[in-house]
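Written out below as structure tokens is the structure these notes cover.
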Amino acid sequence: MCTPEPFSIFHTPLAPRMIVEASAGTGKTYTIVGVAIRMLLIENVPLEKLLIVTFTRLATKELKDRVNTRLREVLRALEQGEAQQDPFLEELLTLCPDRELAAGGVSNALLHFDEVRIVTIHSFCQQVLGEASLMAGTPFDLELVQDDPFLIDAAEDFWREFIHRHSRTEAGKSYISKVMTIAADPATLLTELKPLTSGREAELE
């Protein structure tokens, strides 16, 4: 059986399209951030030319924060010539002989950081379909909606607690019967409540 070689941020050959897939806590975000820095400083590809796609809004926010923080750490290391015992920065400094040029590239990336595309899958699809609606044959006002796992969990938790609490008395069973005319299961309940949770003023807690 062939054992795959460990992924190296700076030395593994890159492809135009890459998928980073691994279990939770194994360093996916660290790797993606590192590859973005490699593309900027080693492959000479501006960050705004990259498309980084992940699953949730929370993950995109974390990725943006981590990329921005890493860029600032890289800039400090390039200007000071010190890696502060960070293996990533130590290797990066050895691969950037012209540190002044590299620091200029990082400064420019920070200046234009708002142009970096780190997005969720559904928002990227929405953008593509919006830009090519005629070719795709989709309505101009098409809106893609993702299932929110927190809402699904909340609806299922409420449903279990509600049925358990009211199934012991005749009055409770009558209450359940009335609610079942509105929604027969958690999924239907979530659909009925969607107008309340999808408005601009709604915030999930």
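The values are calculated or read from the model by the stated rules, or taken from the named source; none is laboratory data. What you are looking at is a predicted structure, and each value in this text was computed from that prediction instead of being measured. In this analysis, Cβ positions are derived from the backbone assuming ideal geometry, glycine residues included, and neighbour counts consider all displayed protein chains. Keep in mind that these areas ignore ligands, DNA and RNA; they rest on the heavy atoms of the full protein, side chains included. Shrake-Rupley method; radii C 1.70, N 1.55, O 1.52, S 1.80 Å.
Rounded to the nearest 0.05, what FRET efficiency is calculated for residue 51 and residue 80 with R0 set to 35 Å and r the Cβ-Cβ distance? Don't jump to the answer; show the numbers that get you there.
Details: r = 32 Å, r/R0 = 0.91.
The formula returns an efficiency of 0.65 here.
Roughly how many percent of the accessible protein surface of the stretch 1-46 is carbon and sulfur, given a 1.4 Å probe and a whole-percent answer? Before the final figure, lay out each step's value.
Numbers: 1950 of 3370 Å².
Within the stretch 1-46, the accessible surface is 58 percent carbon and sulfur.
Each label point is 7 Å from the Cα along the Cα-to-Cβ direction; what then is the distance between the points at residue 163 and residue 39, in nm?
It works out to 4.6 nm between the two label points.
Among 34-40, 95-101, how do they line up from the highest to the lowest mean number of other beta-carbon atoms within 10 Å?
Descending packing order for the listed peptides: 34-40, 95-101.
In bins 10 Å wide, starting from 0, what share of all Cα pairs of the stretch 8-48 does each bin hold, as a percent?
27, 58, 15, 0
Using a Förster distance of 35 Å, how high is the FRET efficiency between residue 183 and residue 30, based on the Cβ-Cβ distance and rounded to 0.05?
So the FRET efficiency works out to roughly 0.25.
Can you tell me how much longer the chain between residue 61 and residue 107 gets when fully stretched, taken as 0.36 nm per residue apart minus their C-alpha distance, in nm with one decimal?
That works out to 14.5 nm of additional length.
Given the C-alpha centroids of the stretch 72-121 and the stretch 1-56, what is the distance between them in whole angstrom?
Rounded to whole Å, the Cα centres lie 16 Å apart.
Largest first and in whole Å, give the semi-axes of the stretch 1-80's equivalent ellipsoid, each being the square root of 5 times a Cα gyration tensor eigenvalue.
21, 17, 13
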